[in-house]
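Single-structure report; data block below.
The values are calculated or read from the model by the stated rules, or taken from the named source; none is laboratory data. Note that the structure is a prediction, hence the values are computed from the model and not measured. Glycine gets a Cβ as well: all are built from the backbone with ideal geometry, and neighbour counts include every protein chain shown.
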Amino acid sequence: MTLATDYVLAAITAFLAFRILRNTEGQSARRFWGLAFIALALGAALGGTYHGFELEALWKPTVWAVGFASAGMLVGSAFAATRGAPRQALLALAAVKLAAFWLWTWRDDRFIGVVADTATAFALVAALHLWRWREPGSRWILAGVGVSIAAAAVQASGFALHRHFNHNDLYHLIQIAAMLAYYRGARILADRR
């Protein structure tokens, strides 16, 4: 079932990415969130294939795609919430964070690295959108972070509804709700001028 729920997450996320990217109106915040969606869709598709067919060669690319997605979310949020030197610092931080993540996971690709990287990105994204909570899209992005954290808690709990519907499957379905919230926010984000 994990293959199926991963593929559903990938398909929905890819569709939402297309919807974001076809209407960026020149906003870098939307463009980077759209790229993050593409990376998440790729990560979900690769992850589903890895789980479904036990293809070990797909694990590192799965992890790296998710790392790229968290960096894209941070960059998009930096464009929406900051300008000038703070934005440049956040863009540099996102690049360093991504490089450090890729180097770490090159040698140690355990899922805990993904958890640490994603948690860092969520904390920074949430802080940026809390700071600009009145801006268009920020409340939806914050809702997405909240739902993603709930999904991660379910996954970490190991809770399974059925032996053929485990904690990963439940995580994927909850994460779809998070992606819908992120989409609602990302499609109306505007670069801070």
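The figures follow:
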{"read-out": "Candidate set from the stretch 81-120 (those that are surrounded by fewer than 15 Cβ atoms within 10 Å (Cβ to Cβ) and either in contact with a helix residue (DSSP H, G or I) (Cβ under 6 Å, 6 or more places away or on another chain) or of a type in the set (Val, Ile, Thr) (or both)); member that is farthest from GLY146 (Cα to Cα)", "value": "VAL96"}
{"read-out": "Some residue of the stretch 122-130 being touching a residue at least 24 places away in the same chain (Cβ under 8 Å), assigned to a helix (DSSP H, G or I) and surrounded by fewer than 16 Cβ atoms within 10 Å (Cβ to Cβ)", "value": "no"}
{"read-out": "Subset of the stretch 1-39 [at pLDDT 95 or above and not in a helix (DSSP H, G or I)]", "value": "ARG22, THR24, GLU25, GLY26, GLN27"}
{"read-out": "Matching residues in the stretch 174-189 - criterion: being touching a helix residue (DSSP H, G or I) at 6+ places or on another chain (Cβ under 6 Å), among the aliphatic types (A, V, I, L, M) and either more than 22 Å from SER70 (Cβ to Cβ) or part of a helix (DSSP H, G or I) (or both)", "value": "ILE174, ILE176, ALA177, ALA178, MET179, ALA181, ALA186"}
{"read-out": "Every residue from the stretch 44-78 that is small (Gly, Ala, Ser) and more than 19 Å from ASP117 (Cα to Cα)", "value": "ALA45, GLY48, GLY52, ALA57"}
{"read-out": "Test: ALA78 is surrounded by fewer than 19 Cβ atoms within 10 Å (Cβ to Cβ) and at pLDDT 95 or above", "value": "no"}
{"read-out": "Filter result for the condition that a residue is surrounded by fewer than 21 Cβ atoms within 10 Å (Cβ to Cβ) and either of a type in the set (Lys, Arg) or in a helix (DSSP H, G or I) (or both), over LEU42, LEU58", "value": "LEU58"}
{"read-out": "Among (1) touching a helix residue (DSSP H, G or I) at 6+ places or on another chain (Cβ under 7 Å); (2) under 22 Å from LEU21 (Cβ atoms); (3) assigned to a helix (DSSP H, G or I) - the single one ARG192 does not satisfy", "value": "(3)"}
{"read-out": "In the stretch 1-33, the residues that are free of Cβ contacts under 8 Å to residues at least 60 places away in the same chain and of a type in the set (Ser, Thr, Tyr)", "value": "TYR7, THR24"}
{"read-out": "Per-region count, the stretch 151-166, residues surrounded by 14 or more Cβ atoms within 10 Å (Cβ to Cβ) and under 16 Å from the mean Cα position of the chain (by Cα)", "value": "3"}
